[in-house]
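Encoded as structure tokens, the structure appears first; notes follow it.
The values are calculated or read from the model by the stated rules, or taken from the named source; none is laboratory data. Quantities reported herein were computed from a predicted structural model and do not represent experimental measurements. A quick note on method: Cβ atoms are made from the backbone with ideal geometry, for glycine too, and the neighbour counts reach across all protein chains shown.
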Amino acid sequence: MKVLIVGAGIAGPTTAFWLNKAGHEVTIVEHAPQLRRGGYLIDFWGAGYDVAEKMGIVPELRRRGYVMTEARAINRDGKKVASFSPEVIIESAKKYLSIARSDLSAVIYESLADEVELILGDTVRKLDDNGSRVRVTFESGNTRDFDLVIGADGLHSRVRRLAFGPDADYETYLGMFVTAFQGTGYPVRNELTAMMYADIGFQALRLSLRDDVTLFLFSVRHDGEVPTDRPEQEALLRAKLADAGWEVPAMLDVMSGAEDFYFDSVSQIRMPSWSKGRIALVGDAGACPSFLAGQGSALGMVEGYTLATEIAANSDHREAFARYHERLAPLIRSKQDAAQGLGLAFAPKNRFQLAVRNTILKMMGLPKVADIVMGRSFHDAVELPAFPEAGPIR
Ligand SMILES: Cc1cc2nc3c(=O)[nH]c(=O)nc-3n(C[C@H](O)[C@H](O)[C@H](O)COP(=O)(O)OP(=O)(O)OC[C@H]3O[C@@H](n4cnc5c(N)ncnc54)[C@H](O)[C@@H]3O)c2cc1C
């Protein structure tokens with residue numbers, strides 16, 4: 001079959017890898033003029049790690065990634081409030097690493113080894129599903145026919161909007177925005193340590209990366225509109241953090257000159273179904289658990305693998321799409337529910353929540369405490385289907 005995947009982030013290239021392995025003819029269209037660099041660091045673990053193992057990319061992920069040895073919570077004076085090793089909260093520490101989101105994306109994409117067509121700097125304008133194929137009109141004006149279209153274009157998915165309806169029908173804003181940027185030569189470094197300072201309404205995180213790069217990440221409570229242009233975004237962050245302590249003023253100085261700047265609302269996408277006719281969604285596009293879940297990339301890979309496996313195993317795409325949803329909807333729902341309760345960890349609303357957060361962090365080092373506190377959200381209750389190696393159905 002000819003399959004168009006929209007979006008070359010994490011879920012898109014993963015889906016492409018497995019569909020290509022099943023013998024399908026895959027095209028990826030990515031609206032950015034080049035594959036994205038920089039961005040933020042993600043923790044990578046759980047069932048998504050198992051998918052990466054199946055793809056043979058773990059050695060490269062480990063080479064480009066980091067294994068953090070400490071998460072340290074500090075107060076506005078820089079004094080330690082709590083400290084623990086991330087290993088204790090991730091069940092199998094051997095299957096855990098931290099890596100730039102763009103490096104994870106690049107490693108997956110590189111594993112496609114030029115066997116998949118990539119169109120950069122274009123996107124879909126119109127999707128016309130007539131039941132036997134989807135006629136796609138691109139922004140460039142080109143028109144092409146595909147058997148299936150997979151939307152892997154992230155939280156603000158255009159495929160979702162075109163095929164399923166307005167964002168407002170599916171997006172739940174969690175009352176927070178998140179921003180990340182990088183700088184070189186920042187004077188303070190704490191190797192392999194996540195430095196976290198939270199106060200009422202926000203958390204600031206600093207991570208020292210290779211090549212003298214420092215990554216800064218802020219999660220901030222915000223009830224109004226989330227601005228979309230950079231000057232307004234920077235102004236909002238400065239206003240929100242006007243009274244912040246620790247190194248926040250110095251961090252904000254780095255922001256002004258940062259080339260790489262990420263800013264977005266913290267939202268979830270909840271849908272009753274991830275497919276309509278010959279169009280389906282993977283990753284954040286259909287099931288964003290939000291950054292609070294700390295697992296969206298890994299889940300996006302699980303979704304890409306499961307969807308492609310079901311397409312390979314079923315001659316009828318309707319059957320494949322239904323089984324894909326059936327297999328993963330309970331897992332995604334439980335991850336989303338758990339994430340909704342984690343807001344206090346990333347931006348406590350008030351003094352009480354701040355105190356609760358700090359107490360939890362102090363207890364994190366104790367075995368099993370994290371499981372109890374987070375409602376066992378660190379476990380992936382999912383069995384990955386076996387990929388039909390012996391004979392793909394086309
Ligand atoms: C601050 C932060 C921290 C996070 N931490 C973690 C973590 O610790 N662990 C974890 O697993 N996850 C984490 N996540 C979540 C994770 O980044 C996402 O869940 C993951 O990137 C989703 O992958 P995706 O492929 O679905 O979408 P994306 O990674 O968003 O990729 C979508 C791709 O589609 C492209 N695109 C968008 N629109 C179009 C269009 N119209 N046409 C064509 N292409 C388009 C984009 O340019 C992009 O390349 C975090 C997220 C944030 C914001």
(Q) Please pick out the residue among Val266, Val248, Val213 that is away from the ligand (no atom under 16 Å from the Cβ), among the hydrophobic types (A, V, I, L, M, F, W, C) and touching a Ser or Thr at 6+ places or on another chain (Cβ under 7 Å). (A) Val213
Q.
Being of a type in the set (Phe, Trp, Tyr) and either without any contact (Cβ under 8 Å) to a residue 60 or more places away in the chain or near the ligand (Cβ under 7 Å from one of its atoms) (or both) is the filter here; which residues of segment 21-50 pass it?
A. Tyr40, Phe44
Q) Residues of segment 277-307 being small (Gly, Ala, Ser), within 7 Å of the ligand (Cβ to nearest atom) and not in a helix (DSSP H, G or I), which ones? A) Gly283, Gly294
Q. Can we say Ala52 is touching a helix residue (DSSP H, G or I) at 6+ places or on another chain (Cβ under 6 Å), crowded, with 19+ Cβ neighbours inside 10 Å, outside any helix (DSSP H, G or I) and at pLDDT 95 or above?
A. no
Q | Leading residue by the ranking (surrounded by the most Cβ atoms within 10 Å (Cβ to Cβ)) among those in segment 136-156 that are part of a loop (DSSP other than H, G, I, E, B) and either within 11 Å of the ligand (Cβ to nearest atom) or among the aliphatic types (A, V, I, L, M) (or both) | A | Ala152
Q. Exactly one of (1) in contact with a Gly (Cβ under 8 Å, 6 or more places away or on another chain); (2) at positive phi is unmet by Asp114. Its number?
A. (1)
Q: State the number of residues belonging to segment 2-20 that are surrounded by 24 or more Cβ atoms within 10 Å (Cβ to Cβ) and either part of a strand (DSSP E or B) or near the ligand (Cβ under 10 Å from one of its atoms) (or both).
A: 13
**Q.** Tabulated pairs, segment 190-202, first in contact (Cβ under 8 Å) with a residue 24 or more places away in the chain and under 26 Å from Ala239 (Cβ atoms), second of a type in the set (Phe, Trp, Tyr) and not in a strand (DSSP E or B), C-beta under 7 angstrom, 6+ apart or interchain
**A.** Tyr197/Trp246
Q | Single unsatisfied condition, Ala113 versus (1) within 12 Å of the ligand (Cβ to nearest atom); (2) more than 18 Å from the chain's Cα centre (by Cα); (3) under 30 Å from Val58 (Cα atoms) | A | (1)
Q.
Among the numbered criteria (1) assigned to a loop (DSSP other than H, G, I, E, B); (2) loosely packed, with under 15 Cβ neighbours inside 10 Å, which one does Asp122 miss?
A. (2)
